[in-house]
1. Return the residue satisfying two criteria in turn: it lies in segment 1-35 and is among the basic types (Lys, Arg) and without any contact (Cβ under 8 Å) to a residue 40 or more places away in the chain, and of such residues it is surrounded by the fewest Cβ atoms within 10 Å (Cβ to Cβ).
2. So which residues in segment 53-71 are closer than 18 Å to residue 206 by Cβ and either free of Cβ contacts under 8 Å to residues at least 60 places away in the same chain or open to solvent by 10 Å² or more (accessible area, probe 1.4 Å) (or both), if there are any at all?
3. Only one of 133, 104 is farther than 30 Å from residue 228 by Cβ, in contact with a helix residue (DSSP H, G or I) (Cβ under 7 Å, 6 or more places away or on another chain) and surrounded by fewer than 17 Cβ atoms within 10 Å (Cβ to Cβ). Can you tell me which?
4. Pick out, from segment 147-263, the strands (runs of 3 or more DSSP E) lying fully within it that include 2 or more residues that are open to solvent by 30 Å² or more (accessible area, probe 1.4 Å).
5. Output the qualifying pairs, or none if there are none: Cβ atoms under 7 angstrom, residues six or more apart or on different chains, first residue in segment 232-249 and closer than 25 Å to residue 173 by Cβ and modelled with pLDDT of 95 or more, second residue among the hydroxyl-bearing types (Ser, Thr, Tyr) and in a helix (DSSP H, G or I).
6. Only one residue in 85, 91, 50 is of a type in the set (S, T, N, Q), open to solvent by 10 Å² or more (accessible area, probe 1.4 Å) and within 25 Å of residue 227 (Cα to Cα). Which one?
Amino acid sequence: MTQHPTELLMYIAPEPIRAANERWIARILKQLGHTRLSAEGLSLPELWLSPDLLLTQTCGYPLMTALRGQVRIVGRPRYELPDASAGNHCSLILGRADDPRKTLAELRDSRGVINSEDSNSGMNLLRQRLAPLQQSGRFFATVEVSGGHRESLRLLREYRADLAAIDSVTYAYLAQYAPEEVNALRVIARSALSPTLPFITVGSATDEQIEQLRQVMNEALRELPDVVQTLGLPEVLAASESDYQILLDYQREAEELGYSRLR
């Protein structure tokens, strides 16, 4: 048996989601006859670019920037969740339920928070949505980088930030399994649609290997209906870089309006 890093780390919370992903990975590896090489100690970029990578998930924005040409896309998940279906999702732009400001325009000069500078859902989709509303290249009074969507939500709840864009799959999982993290918040707006976070493998993989891996992923889902139910993920769709070009189009739209950096 060969050993490969195999991790699904983009959606690891709440605990039922992490456990369902682990069961899915175990079934995939069993069907392929591979064993799992621990990725402990690897950063996400190191995992994404590991020469022994079998399977992981990345964000669409780094896929089209930092990772382009260095990894191969296995497919994109077809979640069937609120605000995520048919291979697409969006960002929910959230504020506090008790904030009297009800629209994005009213929240100009507020305190923004993003999970990271290279996040599609936390930054890129928010930038595109706010670009028509910015003034002289600025929308927020301040922007903090939180390091993760759940941390951004915590900053909103604690009155340390006023507006954040949260991946709709993350939000659906928290609303189902950890509602205390979102109950005090309100959806102000939704972003444009975006292809869901791609599953990737090593850049040297052949077309035949890609097809086999996606087939095994789907076979494992069919064999694990409780995992499908928990993740809201009945199928992995075929995908290519062309599906994710729209993320760079959103970046260009913002740049053309004079909003190249979210601030």
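1. Applying the first criterion (among the basic types (Lys, Arg)) to segment 1-35 yields 18, 23, 27, 30.
Then keep just the ones that are without any contact (Cβ under 8 Å) to a residue 40 or more places away in the chain; that gives 18, 30.
Numbers: 18: 14, 30: 12.
Top of the filtered list is 30.
2. 54, 69, 70, 71
3. Numbers: 104 fails: surrounded by fewer than 17 Cβ atoms within 10 Å (Cβ to Cβ).
On inspection, the qualifying residue turns out to be 133.
4. Details: elements: 163-167, 185-190, 199-202, 235-237.
Output list reads 185-190, 235-237.
5. 247/61
6. Details: 91 fails: open to solvent by 10 Å² or more (accessible area, probe 1.4 Å); 50 fails: within 25 Å of residue 227 (Cα to Cα).
It is 85.
The values are calculated or read from the model by the stated rules, or taken from the named source; none is laboratory data. What you see is a predicted model, and the numbers here were worked out from it, not measured in a lab. Counting neighbours? That spans all protein chains shown, and the Cβs are built from the backbone with ideal geometry, glycine included. Remember, those area values only see protein heavy atoms, side chains included, never the ligands or the DNA or RNA. Shrake-Rupley method; radii C 1.70, N 1.55, O 1.52, S 1.80 Å.
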